[in-house]
Amino acid sequence: MKITKIKAPVKGQISTYFIAGDWHIDHMDWPAFDIMLKTARKFFKNKKDRKLIINGDFLDAAHLMARNPMFKQWIKRSDGMDDYFIPTSEEELALGNRILDLLQKDFSEIIYVEGNHDWRYRDFMAKCPKDYAYNFDYRLKLGLTDRGIKVVNYNKWLDIGDNLSITHGMYHGSTCHKKHYEASGAKSVIFSHIHHVGCKAFQVRGNTHHVWSLPALCNLNPEYIKGRETNWSKGFGVINLHSDSTFNFNIFQIWNNKLILPNGKIIQGNQGG
């Protein structure tokens, strides 16, 4: 099991990471995105103190999903690559680059934890004709190496200090928090993937660990949901890591394009795009 590690800060200092997952940028909620940026600026005046973990599914890649009717239609055609898969990918990746440009204006460090939707690009790249493969290399097309953005592969772990593990998400269902805890090797865990807030506590030999699921940064009623009710919510989290690897974690949920801070101040999100 591959693990990427971030060390705890030196004594007397605190490292802070904003964390947001399930962006699905074709369906990204721009007011929620705006609120996260404004919150980071409000909490930290100096850019060097602002760090961000993109916790998977930054991309959506619906056009690369095998059960998508458009995929089934175009994959059989000789012009499918040139007329559908490549231009649709280019459009999404251009939007991804624009969003990353905005993020890098506000955050000094970004870590990209790959999600199952991001992974669709790598899966399609591995299966398509070799002459076309580079068109679906999302890491190259987003310039992640050139941007200095570290990538954690899908279903791998990012350890923050000694007590907290982060992954995009491996499990759904009523036992997903427990399964992530067990898969982590008995650490506290933050995961995304299920688009809603949840927390369960576990105790082993006197040590209490928590497993949190994060809200999403996408629209709560994208077209493919077809108006069905969900338990999703919008928002992001903030991790404060101490030098002894203890940490505090807070989740900020966004309702009606507003975030109300503990002091009662309101941060209003503006529509972008």
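Within the set K51/K234; K42/K265; K2/K150; K5/K51; K42/K105; K38/K234, which residue pairs have Cα atoms separated by over 18 Å?
Check vs 18 Å cut-off fails for K51/K234.
What part of the accessible area of the range 1-51, given as a whole %, is carbon or sulfur when the probe is 1.4 angstrom?
50
Enter the mean projected area of the convex hull around the alpha-carbon atoms of the range 104-159, in nm², rounded to one decimal.
4.6
Do any of K72/K141; K11/K141; K7/K130 go past 28 Å between their Cα atoms, and which?
K11/K141; K7/K130
Might you report the magnitude of the Cβ-based charge dipole of the range 73-203 about its Cα centre, with Lys and Arg at +1 and Asp and Glu at -1, to the nearest 20 debye?
Magnitude of the dipole: close to 500 debye.
For the range 80-202, what class follows from the C-alpha gyration tensor (a ≥ b ≥ c being the square roots of its eigenvalues): rounded when a/c is under 1.5, otherwise prolate if a/b is larger than b/c, else oblate?
The shape class here is prolate.
Using only Cα atoms, what Kirkwood radius does the chain have, in angstroms?
19.4
Where only protein heavy atoms count, and the probe is 1.4 Å, what is the accessible area per residue for the chain in Å²?
That works out to 49 Å² per residue.
Rounded to a whole number, what % of the accessible area of the range 189-237 do carbon and sulfur atoms account for, probe 1.4 Å?
Carbon-and-sulfur percentage of accessible area, whole number: 43.
Nearest 500 deg cm²/dmol is fine: what mean residue ellipticity at 222 nm does the chain get from its DSSP H runs of n ≥ 4 alone, each adding -39,500 (n - 2.57), divided by its residue count?
Result for the chain, helices only: -7500 deg cm²/dmol.
Contour minus end-to-end for H210 and D83, with contour as 0.36 nm per residue of separation and end-to-end as the Cα-Cα distance?
Extra length from H210 to D83 when fully extended: 41.0 nm.
What is the distance in Å between the Cα centroid of the range 17-33 and that of the range 214-273?
9
Which of L95, M81, N116 sits closest to the plus end of the dipole of the range 50-129, meaning its Cα is farthest towards the positive end, when Lys and Arg get +1 and Asp and Glu get -1 on the C-beta?
N116
May I ask you to derive the relative contact order of the range 86-212, considering only C-alpha pairs under 8 Å and at least 6 residues apart, and to give it as an integer percent?
Relative contact order comes out at 19 percent.
The values are calculated or read from the model by the stated rules, or taken from the named source; none is laboratory data. Bear in mind the structure is a predicted one, so any value in this text is a computation, not a measurement. Cβ atoms come from the backbone with ideal geometry, glycine included; neighbour counts cover every protein chain shown. These accessible areas exclude ligands, DNA and RNA; they are computed on the full protein's heavy atoms, side chains included. Shrake-Rupley method; radii C 1.70, N 1.55, O 1.52, S 1.80 Å.
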